[in-house]
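K.L.:
Here it is, the structure in full.
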Amino acid sequence: MRPALSIVVFTVLAGAGYGVWTWLGVLLALRAYPPGRNATLLPLALGFALVSAGLVVSLLHLGQPQRAWRALTQWRTSWLSREGLAALLTYLPALALAGLVRGDASFLPARLVGALLALGALATVTCTARIYTSLPPIPAWRDRRVLPLFHLHALLSGGLWFAGGAQFAVRSTAGVALAFAWLLAVVLLLAANLKRAYWRALDAAPAPADAGRASGLAALGTVRAFEGPATEASYVTREMAFALARRHAARLRRIAAVLAYSLPFLLLCVAAFDMTLRPWVLPPAAIACTLGLLVERWLFFAEAKHVAAAYFP
Amino acid sequence: MTALPPPPPKKLGLVIDLDTCVGCHACAVACKSWNDGGAFGPLPDADPLGAAPDGVWFNRVHTYEVTGLGTAGAASEQRKADDGGRPEIPTAATAHSRVPPALTIHFPRSCLHCETPACVPVCPTGASYKRAEDGIVLVDADKCIGCQLCAWACPYGAREFSAARGVMQKCTLCVDRIYDDSLAPQDRQPACVAACPTRARHFGDLGDPHSEVSKLVAERGGFAPLQELGYAPVNRYLPPRPHRDDGAHAAAETAEAPLDGEALPPLLRWLDRLLSR
Ligand code: SF4
Ligand code: SF4
């Protein structure tokens with residue numbers, strides 16, 4: 001599949017934003033988050049910026065972006081429609097929270113709205129992932145690891161942005177921050193292992209179809225696409241038969257893994273051992289992880305093969 | 001609404017005979033020509049007369065080469081892949097003992113107007129829909145936002161995004177011809193069917209077991225590819241008929257007896273030696 005830059009950037013940025021909101025919401029709901037208006041407002045705004053930037057970029061993918069509102073109508077059947085709806089609905093608790101924060105951790109409405117924010121954010125990430133997992137012609141996306149990976153990546157990148165951003169607003173929270181650093185390290189290890197398993201499964205998977213199956217002529221003998229239907233490329237060959245980067249896939253996977261997992265892991269360890277270094281290591285960890293996930297998401301498209309590609313020579 | 005309608009009373013579709021199709025692309029051209037001025041709006045091309053023309057076609061004709069005809073096991077593999085119950089594709093091997101070395105098969109590819117396609121329910125806007133009355137799958141160009149998810153959802157590569165119009169386009173089964181009373185009755189069929197010089201394309205109701213197209217499918221063992229994905233395509237392809245023995249014989253003769261260079265007249269012998277270097 002051709003990796004559309006708008007979708008790659010959208011899923012990574014919005015995923016990080018929803019991750020920030022999930023952590024914030026969960027910690028608020030559990031009363032595990034330190035009081036102080038700014039302590040809440042800063043990560044809230046950070047999430048808002050990431051989510052909104054992602055959603056705006058996603059509109060660039062559309063042929064008729066001015067009609068985007070129509071995408072909210074078919075939530076009964078379409079995960080894309082559900083994603084749009086969930087994304088918009090999640091703004092409600094975010095805005096409500098901005099109005100509700102008092103700097104008092106036990107303020108019940110803020111805790112409830114925090115829980116709603118986390119639920120909305122997770123639901124939106126789920127819808128995003130389900131768009132991909134519900135497409136029968138692309139077996140690489142139907143892999144059962146795809147859905148948890150979207151969640152883990154959102155929690156990982158969002159967690160790093162949350163920890164990296166919130167510390168400027170939060171004072172004297174070394175205990176919470178330390179626990180959070182270890183929690184993130186666990187999420188990171190889970191994500192890295194699952195992604196490695198996904199890549200292995202992808203390497204072992206057969207091509208989704210060959211010319212014999214695609215044409216239905218396999219019963220006759222060995223089928224080979226002899227001539228394509230046109231001398232020029234078409235939408236389908238460009239979109240579905242994208243094979244440009246598979247050559248570089250191994251190197252790109254290493255780059256993605258180092259940036260998204262190895263580097264943030266090292267930096268998290270540094271932060272855990274010396275909490276005073278947090279301002280110096282956590283923001284770079286968040287940036288590295290996001291860059292790594294951009295490469296990872298690019299590969300998620302570039303390495304996925306569509307059945308229809310088998311029609312072509 | 002992108003929810004699929006209940007099974008329609010009629011299942012209009014195409015039956016395409018791969019035995020008689022000569023790969024002339026007349027259907028594809030007729031389709032482009034009709035639909036460019038059809039009810040669903042133009043099919044604009046970028047750079048139509050230039051070096052790299054680019055635009056939407058609803059129907060594209062592929063060409064496949066089949067070798068190893070009648071290799072054991074292939075037929076049973078197909079039976080597994082197909083939805084079962086329908087006759088097996090007659091292969092050269094089951095009908096005759098001598099088979100040609102290869103077949104060239106032209107394969108027109110367009111929307112198969114599936115009964116349970118994923119292209120419709122994934123649409124977030126309701127632009128993609130399946131007609132309840134006859135099962136035709138259409139895109140409403142006025143609602144489509146051009147998200148292209150439906151094209152990803154189609155395993156047959158039947159949907160093409162128009163960069164010029166910013167919307168998805170696909171075969172309409174010439175819904176703007178087949179019901180048009182102002183056309184002569186023989187013209188109330190899809191443009192591709194009317195254009196085919198070898199009558200390899202047939203149009204009709206595949207939901208009616210007594211229709212001409214259904215009879216053809218039953219008689220010739222019509223099939224649809226990629227049934228295992230569960231889209232339940234309506235269109236059918238008719239497999240090539242078994243080859244007659246004499247064709248295979250001729251092929252076998254030309255294949256044997258390597259050229260004896262020394263037996264040639266001097267000029268040709270010299271040429272043969274020159275070319276063999
Ligand atoms: S062939 Fe493709 S576009 Fe046509 S109905 Fe089936 S899935 Fe949809
Ligand atoms: S491209 Fe248009 S028809 Fe296809 S899913 Fe998107 S809105 Fe629906």
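K.L.:
In sequence order, what are the phi-derived ³J(HN,Hα) couplings for the range B:156-170 according to the Karplus relation 6.51 cos²θ - 1.76 cosθ + 1.60 with θ = phi - 60°, rounded to whole Hz, with x for glycine and proline?
P.N.:
Karplus-based 3J(HN,Hα) across the range B:156-170 equals 9, x, 8, 9, 10, 7, 8, 5, 5, 9, x, 9, 7, 10, 7 Hz.
K.L.:
Using a Förster distance of 41 Å, how high is the FRET efficiency between A:Ala53 and A:Arg224, based on the Cβ-Cβ distance and rounded to 0.05?
P.N.:
0.30
K.L.:
Taking a ≥ b ≥ c as the square roots of the eigenvalues of the Cα gyration tensor of chain A, is the shape rounded (a/c under 1.5), prolate (a/b larger than b/c) or oblate?
P.N.:
The shape class here is prolate.
K.L.:
Tally Lys/Arg at +1 and Asp/Glu at -1 over every other residue whose Cβ is under 12 Å from the Cβ of B:Thr63; what's the total?
P.N.:
Result for the neighbourhood of B:Thr63: +1.
K.L.:
Can you give the helix-only mean residue ellipticity at 222 nm for the protein assembly as shown, where every DSSP H stretch with n ≥ 4 adds -39500 (n - 2.57) and the sum goes over all residues, rounded to the nearest 500 deg cm²/dmol?
P.N.:
The helix contribution divided over the protein assembly as shown gives -15000 deg cm²/dmol.
K.L.:
Treat each spin label as a single point 7 Å out from the Cα along the C-beta direction, and report the A:Val186 to A:Asp274 distance in nm.
P.N.:
Between A:Val186 and A:Asp274, the simple spin-label model gives 2.7 nm.
K.L.:
Another question, if that's okay. Ordering A:Phe265, B:Phe107 by how much accessible area each has at a 1.4 Å probe, largest first, what is the list?
P.N.:
So the residues, ranked largest to smallest area, are A:Phe265, B:Phe107.
K.L.:
Could you pull out every one of the aspartates and glutamates with an alpha carbon less than 12 Å from that of A:Lys195, ignoring same-chain neighbours closer than 8 positions?
P.N.:
A:Asp143, A:Glu296
K.L.:
Let me spell out the model: positive unit charges on the Cβ of Lys and Arg, negative unit charges on the Cβ of Asp and Glu, origin at the Cα centre of the protein assembly as shown. What dipole size does that give, in debye rounded to 20?
P.N.:
Roughly 2260 debye for the protein assembly as shown.
K.L.:
For chain A, give the magnitude of the charge dipole about the Cα centre (Cβ charges: +1 Lys/Arg, -1 Asp/Glu; no others), in debye to the nearest 20.
P.N.:
For chain A, the charge dipole is close to 220 debye.
K.L.:
Another question, then. Relative to the isolated chain, which residues of the range B:116-149 have their accessible area cut by 30 Å² or more in the presence of all protein chains (1.4 Å probe, heavy atoms, no ligands or nucleic acids)?
P.N.:
Residues passing the criterion (a loss of at least 30 Å², heavy atoms only) are B:Pro121, B:Val122, B:Pro124, B:Thr125, B:Asp142, B:Lys143, B:Ile145, B:Cys147, B:Gln148, B:Leu149.
K.L.:
Something else now. Against the globular-protein guess of 2.2 N^0.38 Å, express the Cα radius of gyration of the protein assembly as shown as a ratio, rounded to two decimals.
P.N.:
Normalised Cα radius of gyration, the protein assembly as shown: 1.17.
K.L.:
If one computes the Cα centroid of the range B:42-64 and of the range B:179-243, what distance in Å separates the two points?
P.N.:
24
K.L.:
Enter the Cα centre distance for the pair the range A:240-313 and the range B:114-134, rounded to the nearest angstrom.
P.N.:
Computed from Cα coordinates, the inter-centre distance equals 36 Å.
K.L.:
Using a 1.4 Å probe, how large is the accessible area of A:Thr11, given in Å² and rounded to the nearest 10?
P.N.:
It works out to around 10 Å².
K.L.:
Hey, which aspartates and glutamates would be in cross-link range of B:Lys130, C-alpha to C-alpha under 15 Å, not counting anything within fewer than 8 residues on its own chain?
P.N.:
B:Glu115, B:Asp140
K.L.:
At the nearest 100 Å², what buried accessible area, both sides summed, do you get for A and B when the probe is 1.4 Å?
P.N.:
5000
K.L.:
Taking the Cα centroid of the range A:78-134 and of the range A:135-162, what is the distance between the two, rounded to the nearest whole Å?
P.N.:
18
The values are calculated or read from the model by the stated rules, or taken from the named source; none is laboratory data. If you're wondering where the values come from, they're calculated on a predicted model, not measured in any experiment. Glycine gets a Cβ as well: all are built from the backbone with ideal geometry, and neighbour counts include every protein chain shown. Surface accessibility is based on the protein's heavy atoms, side chains included, excluding ligands, DNA and RNA. Shrake-Rupley method; radii C 1.70, N 1.55, O 1.52, S 1.80 Å.
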